[in-house]
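Bear in mind these aren't lab numbers, they're just calculated from the coordinates by the rules spelled out. As the structure is a computational prediction, the values presented were derived from the model and not from experiment. As a convention, Cβ positions derive from the backbone with ideal geometry for all residues, glycine included, and neighbour counts pool all protein chains shown.
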Ligand SMILES: [Zn+2]
Ligand SMILES: [Zn+2]
């Protein structure tokens, strides 16, 4: 059940494998963090859609709003895609930082107790 960490396309930014900001501990697997990612698109010539989503870093359950009580979906674990632009998950989105949260208007949803340690 936990084979996605051997993903054939690892995150390009190895320092940011863990979510920077999370909204909750995952209510589905009870182990992962529901981290906020922002879609960046996979084509630098295209304007970025700048939409966010929430994904569990353990079971890859996905929510399109920062509220894990809403309906979730699952990505294809062999070929995870960004649920917004449908390009490769790890190349077309990244963990949202504080500025991204502001842009998304999702700052209120973050549980600061779950933040990754890299930002102070
Ligand atoms: Zn995307
Ligand atoms: Zn989970």
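Here each label is just a point 7 Å from Cα along the line to Cβ, and for residue 103 and residue 45 those points are 2.1 nm apart.
Highest mean packing first, where packing is the average number of other Cβ atoms within 10 Å per residue, the peptides 26-32, 95-101, 41-47 line up as 95-101, 26-32, 41-47.
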